[in-house]
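A short write-up of the structure that comes next.
The values are calculated or read from the model by the stated rules, or taken from the named source; none is laboratory data. Since this is a predicted model, take the numbers as computed values, not measurements. Don't worry about glycine lacking a Cβ; one is built from the backbone with ideal geometry, like all the others, and counts go over all protein chains shown. With ligands, DNA and RNA removed, areas are computed over all heavy atoms of the protein, side chains included. Shrake-Rupley method; radii C 1.70, N 1.55, O 1.52, S 1.80 Å.
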Amino acid sequence: MKDILKYTLGCFLAMLIMGAIIFVSFLTMIAGMAAMDSTTKPVEKGSVLHIQVAGVLDERTQDSNPFAALLGNKNAGSQGLDQLKTALRVAAENDNIVGLYLEGGVPSADYACLQELHQALLQFKKSGKFVVSYADQYTQGSYYLCSVADKVLINPEGMIDWHGIASQPIFFKELLEKIGVKVQVFKVGTYKSAVEPYILTEMSEANREQVTSFITDIWQNIVADVAKSRKLTTQQLNDFADQYATFQGADWYKAQHLVDDVCYIDGTRDILRKLAKTDELHLVSPADVAALDDKADENDKVAIYYATGDIVDEVAKTDLFSQQSQIVGQTVVKDLDELANDDDVKAVVLRINSGGGSAYASEQMWHAIQLLKKKKPVVVSMSGMAASGGYYMSCGANYIFADATTLTGSIGIFGMVPDASGLLTDKLGLHFDMVKTNKSADFGTMARGFNSEEGTAMQAYVERGYKLFLNRVAAGRKMTTAQVDSIGQGRVWTGQQALGIGLVDKLGNLEDAVAYAAKLAKLKKYSTADYPAPASWMDSMKSDLEGDSYLERKARLALGEYYAPLTLLPQLQAGNYLQARIPFAPNLK
C-alpha cells in the first residue's frame, strides 16, 4: 500500500514538474515572439509598401498578440488608422521605398475613417512615387480608397460593388410584443430616432428626412473624391451605381474608365516589378514601415486622447458587455484630471468616435473637459461619429474639427424602461405581490408598466436632461438655447452640414486638430503622445482566457446587427434610464 502511495505521489510530482517546465517554455517562446515582433526590420532598396484594404479599420493599432486569432480576439485581423497613416508618411520620405501597392478587399470602417485614409493616400501621391491597386473584388469602400491609384487593376472575373448608400434600420416592436415585452419611451427631440426600433414598425417622417439628408451628403462626398481621382463626372458615377455596376464585368469597368487594366495577380506582380525596377519584388507591411518613424521626443507634448465606443457610467460587470469598446465616464474623468496636472502636456486633442450613451456619464466628462480647459487648450477631432453623448463631450472644447462625412449633432435625450409584465405573467405564469414603504419604492420594476404619475415624473426628468444639454451646447458654441434647439431636437448632421450651422469649427483630420492644438498652446516644437495607454498583448491574451468571452462572441455572431439594440434592454433595467445616443448603427449599406 505504501509503495502504491509513493508511486502515485511520485507520478503526481513528475506531472507537476513537467507542467511547470512546459509552462515556462511556453512563456519563453511567447517572450521570444514578442521580442522578434518588436524588432525594427530594415527596408531593402526598391521596396514597395503593401497595404491590404481589408478587415476592420480601427482608430488605433491594437495589440500584436500572436495568438489573437486562435483565442478568438475581436482585434485579430484589424488594422489601425494611426499606423496606416504613419506608414504612408514614412514611406513617402524613405528613399528605399519606391511605391505603394493597394490590395483591395472587404474593409469594415465608417466613411469618415475611410475619408481620412483617402486623404493620406493622396498626400503620399505627392511624393511622386507610384501607386498601384489590384483586387479580385472591390467593395464600395475599398474602391473609394483604391481609386487614388495611378493604375487600378482588376481580375478578369472580378467585380466592383458600386451601388450608392442605403440605410435600413431594423424594428423590434412586433418581436417584443410576441414575447410580451413593451418598451415605455420618454424623449425630447422630433428627430431622436434611437427609440423608434422599439415602438414603431417603420421610420417616422422626421427620421426619414434626416437619414435621407445625411446619406445623400456622405455619398456626394465619396462620389466627388472618386470622380476627381478617376477623371470622371459625378453624374457618370451616379449612372454607374444605377446600372448595377456590381454585375457588369471587368471589360465594362475598363471601358467606363473605372479601372485601367484587367489582369490576374501574377500580371500585377509583373507590373510592380517593372515599376520598382527590380527582378525580385520586396513588399513591406505598414507595421514594418511605421516602426521606422523617428519620433521627436520633445518635453512639450500634445496629448491625443482616444474616446471610442458606447458611453457608459462604469465598466460593464458582465462578460456579455465587457468585450465592447466603451467610453467609461469615471475612467475618462480620472484620465483627463491626470492630463490636466501633467506639466509636459501642453494641449489635449480628444479623438472621439462615439454615438453616445449614458447622459450622466456625458455630463461628467463635459465637466472634466471644462476643468482641463482651464489649464490647457482642448481641441476635438471627430471621427466616424461624435453624436448625441459624443457631441455632449465635444461641445465645450476650444475648437472642433470634423471630417466631412462624420455623423454628429443628435442633440437630444431619451429614456426607455422595459415593461416585461406580459412576458413574466402572461407567458411564463409568474405573479408578483408588493409590500412597500413609499409609493415610488418599486419604480422601474419590469413586473408592471408605469402609472400616469410615474410617466409624468420620468418625462420631466428627460426634459430637464435635454434642457441641460441645450445649455451646454449654447455655452460652448456661443449660441442661444433657442438657436441650439432649432438645430437640435435629436437631428443627426454630417460634419459638412454641421460646419454650416455652427456645430463644428472646421473640416479637418486628426493631424489638423493636433497642429491647431499646438498653435493654441504656442508650441513651435512638440511631440505627440497617445492616451490612454493601450493594453499589452499579454494583458489582452489574459482577458481572452478569462471570463465567458466565448458566449459574447457567439451572441454577436448569432444576432449580428440585432445584437446591440437587444442588449440595451438589460442595461436599461440596471437603472441607466437617461440616454443621449444616436441609433446603434446608421445601417449604411
Would it be correct to say that Phe401 is outside any loop (DSSP other than H, G, I, E, B), touching a strand residue (DSSP E or B) at 6+ places or on another chain (Cβ under 6 Å), open to solvent by less than 40 Å² (accessible area, probe 1.4 Å) and over 24 Å from Val195 (Cβ atoms)? yes
Hey, Ala447 outside any helix (DSSP H, G or I), touching a helix residue (DSSP H, G or I) at 6+ places or on another chain (Cβ under 7 Å) and surrounded by fewer than 18 Cβ atoms within 10 Å (Cβ to Cβ) or not: yes
May I ask you to verify whether Gly164 is over 23 Å from the mean Cα position of the chain (by Cα) and not hydroxyl-bearing (Ser, Thr, Tyr)? no
Restricting to helices (runs of 4 or more DSSP H) lying wholly in segment 215-297: which have 2 or more residues that are free of Cβ contacts under 8 Å to residues at least 40 places away in the same chain and open to solvent by 30 Å² or more (accessible area, probe 1.4 Å)? 234-242, 250-255, 265-276
In segment 409-427, is there at least one residue being under 30 Å from Gln119 (Cα atoms), in contact with a Pro (Cβ under 7 Å, 6 or more places away or on another chain), in contact (Cβ under 8 Å) with a residue 24 or more places away in the chain and surrounded by 15 or more Cβ atoms within 10 Å (Cβ to Cβ)? no
Selection from segment 430-444 of residues that are more than 40 Å from the chain's Cα centre (by Cα) and open to solvent by less than 70 Å² (accessible area, probe 1.4 Å): none
Within the bounds of segment 343-361, is there any residue that is of a type outside the set (Lys, Arg) and without any contact (Cβ under 8 Å) to a residue 24 or more places away in the chain? yes
Identify the residue in segment 468-480 that is in contact (Cβ under 8 Å) with a residue 12 or more places away in the chain and not aromatic (Phe, Trp, Tyr) and, among all such residues, is surrounded by the most Cβ atoms within 10 Å (Cβ to Cβ). Val473
Which of the residues that make up segment 125-156 are part of a loop (DSSP other than H, G, I, E, B) and open to solvent by less than 10 Å² (accessible area, probe 1.4 Å)? Ser147, Val148, Ala149
Counting only residues that are part of a helix (DSSP H, G or I), aliphatic (A, V, I, L, M) and either under 13 Å from Ile411 (Cα atoms) or out of contact with any strand residue (DSSP E or B) (no Cβ under 9 Å at 6 or more places or on another chain) (or both), how many does segment 484-501 have? 3
Which one of these is buried (at least 18 other Cβ atoms within 10 Å of the Cβ), within 22 Å of Trp252 (Cβ to Cβ) and out of contact with any Asp or Glu (no Cβ under 6 Å at 6 or more places or on another chain): Gly104, Gly99? Gly104
Over segment 507-534, the set of residues in contact (Cβ under 8 Å) with a residue 60 or more places away in the chain, within 21 Å of the chain's Cα centre (by Cα) and not in a helix (DSSP H, G or I) is Leu507, Gly508, Asn509, Ala529, Asp530, Tyr531, Pro532, Pro534
